Amino acid sequence: MRSVDGLHENVVVLEPETRKKMTKSLRKLKPKKSDDTTATEKTLSGVLRGVHLDKDWLDVLLGEGEIARVKAISDLVDDVIGPMVNNRVRVDVVERKPGAYEYRDIQLDD
């Protein structure tokens, strides 16, 4: 990036690896809930098959018919998530109990 007036020569380059590092750093700043002693962070990889913004969930097809429902997606915006439907994604989640996933982040799986 360069300034419009051409006087500023500072350049910022954001690459995919930069996003990962920034996300990891920001997650450390987010306070954990007091009941998080049994929670584990995971990354689910699969095809984004369904989204319901009003009911606050998305479905990821993990494998042969296995679907993971991820809840608490209220931070997502439909114009961001829409193009990801029917594409491979990686969804960072917190698993509080087996099969109970809470959303943290999503990105296309390149």
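Couple of notes before you dig in:
- Which numbered condition residue 57 fails, given (1) out of contact with any Lys or Arg (no Cβ under 8 Å at 6 or more places or on another chain); (2) touching a residue at least 12 places away in the same chain (Cβ under 8 Å): (1)
- Complete set of residues in the stretch 48-90 that are among the β-branched types (Val, Ile, Thr) and in a helix (DSSP H, G or I): 80, 81
- Extreme residue, modelled with the highest pLDDT, among residues of the stretch 11-55 that are over 14 Å from residue 104 (Cβ atoms) and of a type in the set (Asp, Glu): 54
- Subset of the stretch 65-81 [loosely packed, with under 12 Cβ neighbours inside 10 Å and either within 13 Å of the chain's Cα centre (by Cα) or at pLDDT 85 or above (or both)]: 65, 66, 74, 75, 77, 80
The values are calculated or read from the model by the stated rules, or taken from the named source; none is laboratory data. This structure is a prediction, so every number in the text was calculated from the model and none was measured. Here the Cβ is made from the backbone with ideal geometry for all residues, glycine too, and neighbour counts use every protein chain on show.
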